[in-house]
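Here is the structure we will look at.
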Amino acid sequence: SEHLVSVIDVDDENGIQFLVIEYVNGPAAGSYLKQAKQAGRIGLPETEALDICIAATKGLVAAHAERLVHRDIKPDNILIPKNRDGGQLNLCAAKLTDLGLVRGADITQSLTGGGVCLGTPGYMSPEQALDAKHATQSSDIFGMGATLYALLSGYAPFTGTALMKVFLATRNEPHVPIQRFRSDVSGGTARLLDCCLEKEPARRWTSAAALLEGLEAC
């Protein structure tokens with residue numbers, strides 16, 4: 001998929017395994033959000049945040065079609081390339097990257113091992129925060145919703161002064177509705193976020209493809 005950072009080659013040197021991957025000439029969505037906040041804005045305009053997440057979700061649809069689970073979707077893991085002339089950013093060409101925590105749905109061991117906390121607090125689903133082995137494609141839908149929430153509000157939907165507080169908030173506390181931060185966000189986007197951030201996986205969007213349709217409708 002053009003919305004996943006490509007792997008060009010795989011090799012090893014003196015026992016060190018490495019990947020050669022595509023270079024993306026542009027910032028991460030997290031850096032783009034930081035620039036907006038430094039300019040005095042709460043978050044990105046709704047249309048920009050949606051464009052970024054639509055593009056990244058297209059990459060996620062392709063990964064899920066291969067029965068892969070990303071496990072670490074967040075603004076810093078979405079790259080926004082510049083146009084070919086090196087000028088403006090092409091938000092609609094954003095690419096999902098950092099597949100280091102990817103796990104196959106049909107295998108029992110990932111490259112990074114199991115039984116430990118893998119992912120980013122505040123963006124991880126409740127089931128993944130409990131045990132990384134419980135992460136499924138539905139966990140990625142939660143992560144994409146958390147990413148869209150952060151791009152709009154400036155912060156992950158779950159925060160805390162300590163790691164355990166973030167995990168407990170993710171598992172037990174409802175997220176603050178996005179329109180409390182941004183009254184200008186449309187009702188459709190607010191409802192989409194509420195569905196993505198449901199505590200129970202069965203109550204979220206049924207697939208990345210369904211989420212993509214919802215984002216495009218917004």
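The values are calculated or read from the model by the stated rules, or taken from the named source; none is laboratory data. What you see is a predicted model; the values in this text were computed from it and never measured. Here the Cβ positions follow ideal geometry from the backbone for every residue, glycine too, while neighbour counts run over all protein chains shown. Remember, those area values only see protein heavy atoms, side chains included, never the ligands or the DNA or RNA. Shrake-Rupley method; radii C 1.70, N 1.55, O 1.52, S 1.80 Å.
For this structure, a couple of remarks:
- Label assignment, P(r) over Cα pairs in 10 Å bins from 0, in percent derived from the structure, set (1) 8, 35, 38, 16, 3, 0; (2) 8, 31, 33, 20, 7, 1; (3) 7, 19, 19, 18, 14, 11, 7, 3, 1, 0: (1)
- The modelled label-to-label distance for the pair residue 207/residue 41, using points 7 Å beyond Cα in the direction of Cβ, is 3.4 nm.
- Accessible surface of residue 134 - all protein chains present, 1.4 Å probe, nearest 10 Å²: 90 Å²
- Virtual spin-label span in nm between residue 21 and residue 62, 7 Å along Cα→Cβ: 1.4 nm
- Exposure rank, largest accessible area first [189, 161, 47; 1.4 Å]: 161, 47, 189
- Residue-level accessible surface for residue 1, protein heavy atoms, 1.4 Å, Å²: 80 Å²
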